[in-house]
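Down below is the structure, laid out as structure tokens.
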Amino acid sequence: MSEHTATAATSRSRAFAEAVSSGRKSWKQRRHLLDTDDITPEEVKALMHVAAEAKQLMTAGEPPQPLLKSRTIANVFYENSTRTRSSFELAARKLSASVINLDVASSSVAKGETIIDTSKTLMSMGVNALVQRHSASGSAHQMAQVVGNDVQIINAGDGWNAHPTQALLDYFSMSEVRPDLAGARVAIVGDIKHSRVARSNIRLLTKFGVHVHIAGPPTMMPVQLSEMGVTVHSRVEPAIEDADFVMVLRLQLERQKQGLIPSVGEYRKLYRIDSSRMRLAKQGARVMHPGPMNRDVEISDELAERNEMSLISTQVTNGVAVRMAILSLLLGE
Ligand code: CP
């Protein structure tokens with residue numbers, strides 16, 4: 001490495017550490033990250049700044065300063081995950097934390113141990129933070145109430161309720177395209193009712209003056225829509241008209257036994273987002289998807305792969321940077 005390259009690397013790593021140090025002033029009151037409803041604009045601004053610095057380090061292939069070397073983080077996923085769990089692990093390791101990935105299927109959970117007892121067991125081993133995903137809505141809040149004095153909780157998805165780190169990485173991905181999101185129009189399409197991603201995004205975006213339009217089958221719309229500050233459409237076309245971003249939700253095929261839609265074919269016809277429907281959106285609009293995708297069900301294969309229009313891979317990349325930012329702001333020394 002030349003002297004110039006080494007100096008640039010050091011200055012990027014220092015800029016990241018400085019962004020964390022400054023950002024921690026607005027994050028100092030926060031112990032847990034359970035949802036986006038109580039996150040302040042100052043916290044979001046600080047997070048975006050740290051994530052941008054983290055992304056620069058990742059792009060340059062440089063390590064950050066080892067801000068979490070004395071911390072131990074446990075990933076406890078009672079539900080399947082590829083993106084969230086892997087990116088939390090990568091983010092924690094990049095920051096030099098010790099990481100435990102609890103294999104729930106082969107743990108004592110299979111013998112009936114409760115989530116509280118499992119957490120207490122991990123805490124007794126010196127775990128500082130639990131990154132938890134569970135199918136029960138409210139489980140992260142419950143954990144914070146019961147064991148939150150002894151361990152920090154990061155909600156990696158609880159039932160239908162919330163997925164705050166996904167919403168924050170979505171926000172970061174959108175603000176890379178349009179730095180000032182106030183006044184932007186975001187369409188969220190699909191199964192809103194069962195989507196924690198939709199809920200956390202709506203709670204976050206409406207806080208920043210983003211106009212959120214939602215569309216989906218009537219059986220997949222939540223009842224408390226009037227409180228959410230969104231515009232509701234039954235057809236997809238008016239929802240995506242003039243949108244800056246179109247966020248497509250996964251059709252939760254495992255729920256179709258409940259008969260929420262007449263058929264997958266019908267859903268595809270009425271709600272699938274493809275390049276032709278994207279022509280209704282603003283020139284330069286981007287399509288997003290939290291993953292995992294059902295290709296050619298809720299999004300066309302061709303659109304998912306259109307790099308100039310799709311932010312889907314960027315969302316995954318940004319997931320690591322945003323989770324590095326979240327971990328260092330919550331747990332950094
Ligand atoms: N977006 C998301 O939560 O993906 P995973 O289920 O793969 O973590």
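The values are calculated or read from the model by the stated rules, or taken from the named source; none is laboratory data. As the structure is a prediction and not an experimental result, all values here were calculated from the model. When we count neighbours, we look across all protein chains shown, and the Cβ atoms used for this are built from the backbone with ideal geometry, even at glycine. Remember, those area values only see protein heavy atoms, side chains included, never the ligands or the DNA or RNA. Shrake-Rupley method; radii C 1.70, N 1.55, O 1.52, S 1.80 Å.
Of note:
- Volume of the convex hull of region 273-324 (Cα atoms only), normalised per residue: 75 Å³.
- The value obtained for region 53-102, namely the Cα convex hull volume divided by the number of residues, is 69 Å³ per residue.
- Amide H contacts of A156 (H built 1.01 Å from N, in plane; Pro and chain starts excluded): Q132, R133 sit under 5 Å, all sequence-distant by 5 or more or on other chains.
- Rg ratio for region 122-198: its Cα radius of gyration over 2.2 N^0.38 Å, N being its residue count, equals 1.36.
- Reach of K55 by Cα under 15 Å, taken over aspartates and glutamates that are not fewer than 8 positions away in the same chain: E18, D170, E176
- Applying the criteria of a DSSP loop state and at most 16 other Cβ atoms within 10 Å to the GluC sites (Glu not before Pro) of region 221-289 yields E241.
- Amide hydrogen neighbours beyond the local backbone of N101, cut-off 5 Å, H modeled: N75
- Its residue count N fixes a reference of 2.2 N^0.38 Å for the chain, and the Cα radius of gyration divided by that reference is 1.00.
- Radius of gyration and Dmax over the Cα atoms of region 1-89, both given in Å: 15.4, 48
- Potential extension, K207-R93 segment - 0.36 nm per residue separation minus Cα distance: 37.8 nm
- With Cα atoms, 0 to 90° folded angle of helix 83-94 axis to the chain main axis: 20
- Axis of helix 164-177 versus longest Cα principal axis of the chain: the two differ by about 80°, to the nearest ten degrees.
- Per-pair calculated FRET efficiency, R0 = 30 Å: S106 and V146 via Cβ, rounded to 0.05: 0.75
- Between helix 196-207 and the chain there is an angle of about 90 degrees, using the helix long axis and the longest principal axis of the Cα atoms.
- Multiplying the residue separation of M221 and E302 by 0.36 nm and subtracting their alpha-carbon distance yields 26.4 nm.
- Largest first and in whole Å, the equivalent-ellipsoid semi-axes of region 233-333 read 28, 19, 12, each the square root of five times a Cα gyration tensor eigenvalue.
- Share of carbon and sulfur in the accessible heavy-atom surface of region 144-289 [1.4 Å probe, %]: 47
- Cross-link partners of K257 among lysines, defined as those whose alpha carbon lies under 27 angstrom from its own and excluding same-chain residues fewer than eight positions apart: K193, K269.
- Positive-end residue, the chain charge dipole about Cα centroid, Cβ charges, pick of M228, T10, S108: S108
- Couplings 3J(HN,Hα) for region 46-63, derived from phi with the Karplus relation 6.51 cos²θ - 1.76 cosθ + 1.60 (θ = phi - 60°), are 4, 4, 5, 5, 5, 4, 5, 5, 4, 5, 4, 4, 4, 4, 7, x, 10, x Hz, where x marks Gly and Pro.
- Each Lys and Arg Cβ is given +1 and each Asp and Glu Cβ -1; about its Cα centre, the chain then shows a dipole of about 220 debye.
- Per residue accessible area of the chain, 1.4 Å probe, in Å²: 43
- Based on the reciprocal of the average 1/r between different C-alpha atoms, the Kirkwood radius for region 155-244 equals 13.1 Å.
- Across region 221-238, rounded Karplus estimates of 3J(HN,Hα) from the backbone phi angles (6.51 cos²θ - 1.76 cosθ + 1.60, θ = phi - 60°) give 10, x, 7, 8, 4, 4, 7, 8, x, 10, 9, 9, 10, 8, 9, 6, 4, x Hz, Gly and Pro being marked x.
- Of the residues P290, S86, I214, the one whose Cα sits farthest towards the positive end of the charge dipole of the chain is S86 (charges of +1 on Lys and Arg Cβ, -1 on Asp and Glu Cβ, taken about the Cα centre).
- Residues whose amide H lies under 5 Å from that of T231, counting only those 5 or more places away or on a different chain, are V212, H213, I214; hydrogens are built 1.01 Å from N in the peptide plane.
- Over every Cα atom in region 164-311, the radius of gyration and the widest Cα-Cα span, Dmax, amount to 14.0, 42 Å.
- Rounded to the nearest 0.05, the FRET efficiency derived from the C-beta distance between T59 and E241 at R0 = 30 Å is 0.30.
- Taking all protein chains together and rolling a 1.4 Å probe, K45 ends up with roughly 150 Å² accessible.
- Within the chain, helix-based [θ] at 222 nm, where runs of 4 or more DSSP H residues each add -39,500 (n - 2.57), nearest 500: -13500 deg cm²/dmol
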